[in-house]
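Q: This is the structure I want to talk about, given as structure tokens.
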Amino acid sequence: MSFSINFCDIKEGFQVAYTIAVAGKGGVGKTTLTGLMIQYLCEKEKGPILAVDADANSNLNEVLGVEVEATLGDIREEIAKAEMTDPSPIPAGMSKQDYAAFRFNSALVEEDDYDMLVMGRTQGSGCYCYVNGLLTAQVARLSGQYQYIVVDNEAGMEHISRGILPHVDAVILVSDCSRRGIQAVGRIAKLVKECKLNPKVMGLIVNRAPKGELNDGIREEIGNQDLDLIGVVPHSEDVYELDCEGKPTSVNLPEDSPVRTALVRAVEKVLHS
């Protein structure tokens, strides 16, 4: 596909949104905590807020209970096939680049309290570089329209190493109660520094802790990795049951849940840093 897209111009005078990137290895509950964080910011009227699912295997919308009709990856595939389709989906008199801009604009899901942008994936095997570029361009273009952008990154270090998020104010690292998990976020923290993202704050949340407590071995590893512990979220049967039933956690988790309480404390530390 040979056409180019330039969405990177941010209008002069617009304030760049405060961007929170959530990162960690797979399976630690990162997306669930991201969804609860977005809901908390909405409840505190911190908006307008842009929720970004930057994972090719996207499911942040499921945590939030949002229907997504098309991801950036879906639209990319649609446009790539446009030249081979007869009749073409591109309206007569509209250039391919203008049609691309129109369709990528339509990828923004608008909810009452926040908007959502989902990266998704391209079909088949191959590199995600192009759709990563689309995500970068869209986030840059939209940044001036929001107070907060909350980004649920894919598992690992891909988006940090590729510079998908050139501007980050806060990095929240999420791990489970395992040494491997702590070591994984320790590597991500080092990469953040190597890439000179220079966030104002970078903190660790340990998720699914039995009774909300950490043993001495995990605390020792946190110290070994030179990580700033900002929160410990307890294991929750409520979260487990909601996930098993396919119900959106952010909507159905009880307001007095210890998970919400612990997460709010951690988020407040980030916002007041």
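The values are calculated or read from the model by the stated rules, or taken from the named source; none is laboratory data. None of these values were measured; they are calculated from a predicted model. Cβ sites come from the backbone with ideal geometry, for glycine too, and all protein chains shown count toward neighbours. To get the accessible areas, we keep the full protein, side chains included, count just its heavy atoms, and leave off ligands, DNA and RNA. Shrake-Rupley method; radii C 1.70, N 1.55, O 1.52, S 1.80 Å.
Q: Assuming 0.36 nm per residue, please report the length gained on full extension of the stretch His272 to Ser257 beyond their Cα-Cα distance.
A: Net length gain for the segment: 3.1 nm.
Q: Right, next: Report, ordered by chain and residue number, the lysines lying within cross-link reach of Lys25, taken as a straight Cα distance under 27 Å and ignoring same-chain residues fewer than 8 apart.
A: Cross-link targets: Lys190, Lys193, Lys196, Lys200, Lys211, Lys247, Lys269.
Q: Scanning the chain for trypsin sites (Lys or Arg not before Pro) in DSSP loops with at most 14 other Cβ atoms within 10 Å, what's the longest stretch left with none? Each step should come with its number before you reach the end.
A: Numbers: sites that count: Lys11, Lys44, Lys196, Lys200.
Here the longest run is 45-195.
Q: Which percent of the accessible area of the chain is formed by carbon and sulfur heavy atoms (probe 1.4 angstrom)? Before the final figure, lay out each step's value.
A: On the way: 6150 of 13480 Å².
The computed percentage sits at 46.
Q: Give, in nm to one decimal, the length gained when the segment between Asn198 and Asp98 is fully stretched (0.36 nm per residue of separation minus the Cα-Cα distance).
A: Working: separation 100, 0.36 × 100 = 36.00 nm, distance 3.55 nm.
Contour length minus Cα-Cα distance gives 32.5 nm.
Q: Taking a ≥ b ≥ c as the square roots of the Cα gyration tensor eigenvalues, with a/c under 1.5 meaning rounded and otherwise prolate when a/b beats b/c, else oblate, which class fits the stretch 20-78? All intermediate terms of the calculation are to be shown ahead of the outcome.
A: Numbers: a/c = 2.08, a/b = 1.33, b/c = 1.56.
Cα axes put the stretch 20-78 in the oblate bin.
Q: Computed FRET efficiency, Cβ-Cβ of Asp216 and Glu111, R0 41 Å: what is it to the nearest 0.05?
A: Working: r = 43 Å, r/R0 = 1.05.
For R0 = 41 Å, the calculated efficiency reads 0.40.
Q: Taking the dipole about the Cα centre of the chain, with the C-beta of Lys and Arg at +1 and of Asp and Glu at -1, give me whichever of Ala266, Gly47, Pro199 is farthest to the positive side.
A: Checked the options; the winner is Pro199.
Q: Expressed as a rounded percentage, what relative contact order does the chain have, with Cα pairs under 8 Å and six or more residues apart?
A: Working: 474 pairs, mean separation 76.3, N = 273.
RCO, the chain: 28 percent.
Q: Another question, then. How long is the chain along each principal axis, judged by its Cα atoms, biggest number first, in Å?
A: 66, 41, 40
Q: Would you mind listing how long the stretch 185-273 runs along its three principal axes, going by Cα atoms, in whole Å with the largest first?
A: Cα spread of the stretch 185-273 along its principal axes, largest to smallest: 41, 28, 24 Å.
Q: What is the distance, in nm, between label points placed 7 Å from the Cα along the Cα-to-Cβ direction at Arg187 and at Met84?
A: So the label points at Arg187 and Met84 sit 3.6 nm apart.
Q: Relative to the Cα centre, what is the charge dipole magnitude of the chain, using +1 at the beta carbon of each Lys and Arg, -1 at the beta carbon of each Asp and Glu, and rounding to the nearest 20 debye? Present the calculation step by step, with values, prior to reporting the outcome.
A: On the way: 26 positive and 40 negative charges, 227 e Å.
Charge dipole, the chain, about its Cα centre: 1080 debye, nearest 20.
Q: Suppose only helical runs count, i.e. DSSP H with n ≥ 4. What mean residue ellipticity at 222 nm does that imply for the chain under -39500 (n - 2.57) per run, divided by all residues and rounded to the nearest 500 deg cm²/dmol? Working shown, then result.
A: Details: 11 runs with 111 residues, N = 273.
That calculation yields -12000 deg cm²/dmol at 222 nm.
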